[in-house]
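One structure is given here, and the rest of the page talks about it.
The values are calculated or read from the model by the stated rules, or taken from the named source; none is laboratory data. Nothing here was measured: the structure is a model prediction, and the numbers come from that model. Virtual Cβ from ideal backbone geometry, glycine too; neighbours counted across all protein chains shown. Calculation scope for accessible area: heavy atoms of the full protein, side chains included, ligands and nucleic acids excluded. Shrake-Rupley method; radii C 1.70, N 1.55, O 1.52, S 1.80 Å.
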Amino acid sequence: MNRTTLKKKAAILAALGIFSFSGSFAFYAPPQAEAGLLDFGDVITNGIQIAQARDTLQKYIKALDTTPEGQQHTLENLQSYTGVYDDPQLMEQLGNIMGNMTNAIGQVDKSVYDLPYVYYLTPSEYFNAACGMSHVMMVNQGTFAFTPSEDELAVVIGHEMGHGQAHHSAKSVGRKIDRAVLAQIGSAALGGTELTNILTANAYKYSIVHADKGDEKEADALAWEYITHSNYNPGACAAIWQRALEKLGDNAQSGVDLWLNPSDHPNNMARRDRYEKKLQEYSGKHVAVKDGLVKINGKTFVTPAPAGGMSTAERAYFVEGNLAAAYHNGHNKSAARAEGNTVMLGAQPIMTCVSGDESAQTLVDRLNKIK
């Protein structure tokens, strides 16, 4: 492999957060480790000490994933790879969401404060976000244009923070590189240079692969937990995937950055439906939505009109989320009432009626009969 090819690969490998390149092809040495090249000749001798090689690799990955120095290294490399989009207004909105979600996570997982997240916008116009190693969050600027709802944006951010809290990126890199390296080691006795080249090649391959479906489901579940400990509408969890289904199709791969959203993600319909079941459970089985129709205790409540850039189906999940929160928090014990165009159940707003909807008073009367 010529030096030019190595340099090209190095630029992309750096985005993975494993390697640092400063004039020569070298491993990044975290503060806990001795600076300089990682010499595998020191750990693989006389028949190859595979366990020791694995431990050394994992030590480097952990240092990158959990230390401020590793975070800065990862941030700089990711920004070099993706580019940075400068928009103070969007950054302020992103900062507010990150702050709200950090507070929500802190209620169930205090480790979120051990290494505070850093975040930035990328220039990509596609709907997507990602969390790399060491709590580095990147959000495509196109994500803000994709949805007008901050609640839905919070679900996207919460999902990625779920990856961060579960350390999915570091675990995936370590697991996949380990397997590749051990397979190569098992076939031949390799010296330091050869092994370094194998790690380089595999790191390049895995730098374009995200988490597997199991990790995605875990991140979705964590996003739900975080959202339900925030002031955001839990219905947004289903609504964002309804929106993705309508705008991008059931398997949103074409036209979306595969670096951030490869084909191993669950499809949009499955994600929406899992969240809708969670909403039913959160409400104590009082509320359900199907095809834009919101039902309470098995009886028709409302089919919202499309409004605010949302379809009937998307808007229905927001109504379901408000109702689920009302039942979960005991507001259903109060009589429903109208405050202007907004239907209230106790202290919980349920739905603000707009042109095309039934009147708030009509819905209040119906809600009091079926709740």
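Out of all the residues in segment 230-247, is one or more modelled with pLDDT under 80, open to solvent by 40 Å² or more (accessible area, probe 1.4 Å) and outside any helix (DSSP H, G or I)? The answer is no, given that none of the residues of segment 230-247 is modelled with pLDDT under 80, open to solvent by 40 Å² or more (accessible area, probe 1.4 Å) and outside any helix (DSSP H, G or I).
Based on this model, can you work out whether residue 227 counts as at pLDDT 85 or above, of a type in the set (Val, Ile, Thr) and crowded, with 20+ Cβ neighbours inside 10 Å? Spelling it out, residue 227 is indeed at pLDDT 85 or above, of a type in the set (Val, Ile, Thr) and crowded, with 20+ Cβ neighbours inside 10 Å. A single member of 210, 159, 167, 163 is surrounded by fewer than 22 Cβ atoms within 10 Å (Cβ to Cβ), of a type outside the set (Phe, Trp, Tyr) and at pLDDT 55 or above, and it is 167. Looking across segment 213-227, the residues that are within 15 Å of residue 100 (Cβ to Cβ) and of a type outside the set (Val, Ile, Thr) come down to 223, 225, 226. Scanning segment 279-315 for residues that are outside any strand (DSSP E or B) and within 12 Å of residue 236 (Cβ to Cβ) gives 279, 314, 315. Residue 46 meets all of the listed conditions (1) assigned to a helix (DSSP H, G or I); (2) modelled with pLDDT under 80; (3) exposed (fewer than 14 other Cβ atoms within 10 Å of the Cβ) but one, namely (1). There is at least one residue in segment 311-320 that is open to solvent by 30 Å² or more (accessible area, probe 1.4 Å) and over 25 Å from the mean Cα position of the chain (by Cα).
With respect to the conditions (1) closer than 18 Å to residue 157 by Cα; (2) part of a helix (DSSP H, G or I); (3) free of Cβ contacts under 8 Å to residues at least 60 places away in the same chain, residue 75 lacks only one, and its number is (3).
Annotation: of all residues in segment 332-351 being free of Cβ contacts under 8 Å to residues at least 40 places away in the same chain and buried (at least 19 other Cβ atoms within 10 Å of the Cβ), the one that is nearest to residue 294 (Cα to Cα) is 350. Checking each residue in segment 352-371 for being open to solvent by 50 Å² or more (accessible area, probe 1.4 Å) and in contact with an Asp or Glu (Cβ under 9 Å, 6 or more places away or on another chain) picks out only 366. For segment 130-156, taking the residues that are surrounded by fewer than 24 Cβ atoms within 10 Å (Cβ to Cβ) and small (Gly, Ala, Ser), the one that is modelled with the lowest pLDDT is identified as 130. Inspect segment 112-130 for any residue being part of a helix (DSSP H, G or I) and polar (S, T, N, Q) and give the result as yes or no. No, every residue in segment 112-130 fails to be part of a helix (DSSP H, G or I) and polar (S, T, N, Q).
For segment 72-123, a residue qualifies if it is within 26 Å of residue 224 (Cα to Cα) and at pLDDT below 95, and exactly one does: 122.
Quick grid of which residues meet (1) in contact with a helix residue (DSSP H, G or I) (Cβ under 7 Å, 6 or more places away or on another chain); (2) at pLDDT 95 or above; (3) over 27 Å from residue 281 (Cβ atoms):
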residue: 299; (1), (2), (3): yes, yes, no
residue: 304; (1), (2), (3): yes, yes, no
residue: 314; (1), (2), (3): yes, yes, no
residue: 321; (1), (2), (3): yes, yes, no
residue: 324; (1), (2), (3): yes, yes, no
residue: 329; (1), (2), (3): no, yes, no
residue: 350; (1), (2), (3): yes, yes, no
residue: 359; (1), (2), (3): no, yes, yes
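A search for C-beta distances below 8 Å between a residue of segment 133-145 that is under 15 Å from residue 112 (Cβ atoms) and part of a strand (DSSP E or B) and any residue that is among the β-branched types (Val, Ile, Thr) and open to solvent by 10 Å² or more (accessible area, probe 1.4 Å), counting only pairs 6+ apart in sequence or on different chains, returns 136/118; 137/118.
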